[in-house]
Structure formats: structure tokens, C-alpha cells
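Written below as C-alpha cells is the structure these notes are about.
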Amino acid sequence: MSIVTCRSHLSRGVPQIGKVRPVETLFNYVGGGSGSWRITQIGIHSGLPLKPATHLDISNGRLDQAPVGAAWMFHGIVSNTRYVTSENRDSQDSRPPSFYGSEATCAALIPIRKSAAWWNLARNERREIVESRTRHVATGLKFLPWIARRLQYSRNPGEPFDFVTWFEYSPRDARIFDDLAGALRSSEEWRYVEREIDIRLVRECER
């Protein structure tokens with residue numbers, strides 16, 4: 001059963017997307033022929049492509065084997081925020097909602113894998129790039145009133161990606177999301193990205 005349903009979006013504000021209970025920290029993303037989100041485009045920004053799929057299903061909990069007929073599956077785990085200052089965290093928590101989840105009928109799923117050169121850097125060096133030079137978090141905060149984001153980590157043995165990011169936004173804010181994605185891709189941090197897939201979606205169910 002998908003965690004992203006019409007009923008939940010009618011009653012949940014978008015900024016709550018990142019506030020999941022401990023039992024809901026593991027997300028499974030399954031591309032195939034069914035699901036509550038319809039795939040409109042799969043963009044390959046770097047690295048190998050994914051197999052074709054028409055829909056995306058999202059579920060919580062442990063799922064070791066992909067369902068029959070799935071084209072691909074990967075996992076994301078919500079963990080403690082990394083490379084984030086207390087000032088940025090406070091700003092993120094204090095931003096008011098600009099619309100409710102029922103309006104956020106568009107989404108983007110962007111899995112990313114970084115190069116060995118990135119992971120060979122010391123933690124403080126990676127933080128310097130993310131926070132001080134790229135200003136990844138500060139850039140994201142500028143778009144928070146319009147774009148909801150949930151960052152997950154998937155750097156486990158056998159996983160094809162290091163990070164999985166889920167975005168939700170309303171159709172009228174699609175261009176704003178493109179601006180956010182473009183700003184991040186032009187940053188120094190993205191020089192270390194060796195595989196990135198940009199999956200655009202619209203919610204399939206009717207409200």
C-alpha cells in the first residue's frame with residue numbers, strides 16, 4: 001500500500017512531509033506499471049539510465065525483494081540531518097506553509113550517487129563544500145515555501161544510489177522547482193555527482 005494517498009494529502013500540510021515517525025523512516029520506491037504516482041518523464045543527468053516504467057509506488061517498512069513486474073526499486077532512509085547548522089535547521093522548522101498537500105499534485109524523485117572522490121574527502125571538507133561554498137541548505141530554504149522536500153540516505157551495500165530526494169509541489173510552482181534543481185546542479189557539490197536520475201510525476205488518484 002502506498003504511503004502517498006489522496007486521503008493523507010487532503011489533511012496534511014506539505015511542510016509535514018519531513019516529520020515522519022520512527023516506524024516510517026524506511027521508504028521503498030518501486031517503478032513499474034502501477035502506483036499512486038504516474039511518471040511523466042525520466043531524465044538522465046549523468047550515469048546509467050533506469051529501465052522504463054509508467055508508475056511509481058511508495059511504501060514504508062522493510063521490502064527486500066521487488067514486487068513481480070517491477071522495473072526497478074531502491075530504498076531511502078530518513079536519518080539525522082547532516083552538514084546543517086542550527087541556524088539553518090531553525091529556519092527550516094519555522095517556515096510557514098504556502099499551500100496544503102492536496103494542491104501538491106506534482107512530484108520529483110531524484111536519486112543521486114556521488115563519486116569515490118567525494119567520499120574520500122574528510123567529513124569537515126564535505127561540510128565546507130555543502131554548507132559554506134555550495135550553500136546547499138541555504139539554497140533549499142529559499143524555495144521551501146513552495147517546494148516540500150524529504151532527503152533520505154541509501155548508502156548501503158547493493159544500493160545503486162547514495163541519496164534519494166523526494167519533492168512535492170503544485171503545478172503552478174513547477175518552474176520554481178526547476179530553478180531550485182538548476183541552482184543545485186550548477187554548484188561545486190555537483191561536480192562530485194556521477195549518477196543522477198530526475199523522475200517527474202503527477203498524482204494519479206482523484207480527490
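Here are the numbers for the structure shown:
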read-out: Residues located in the range 94-140, provided they are more than 20 Å from GLU196 (Cβ to Cβ), at pLDDT 80 or above and not hydroxyl-bearing (Ser, Thr, Tyr); value: GLU103, ALA104, ALA122, ARG123, ASN124, GLU125, ARG127, GLU128, GLU131
read-out: Selection count, the range 55-77, where residues are farther than 19 Å from GLU196 by Cα and β-branched (Val, Ile, Thr); value: 2
read-out: Odd one out for VAL164 among (1) of a type outside the set (D, E, K, R); (2) part of a helix (DSSP H, G or I); (3) under 13 Å from the mean Cα position of the chain (by Cα); value: (2)
read-out: Close pairs from the range 161-189: first free of Cβ contacts under 8 Å to residues at least 60 places away in the same chain, partner part of a helix (DSSP H, G or I), Cβ under 6 Å, at least 6 apart; value: ALA183/THR139; GLU188/ILE129; GLU188/ARG133
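The values are calculated or read from the model by the stated rules, or taken from the named source; none is laboratory data. Please read all numbers here as calculations on a predicted model, not as lab measurements. Cβ atoms come from the backbone with ideal geometry, glycine included; neighbour counts cover every protein chain shown.
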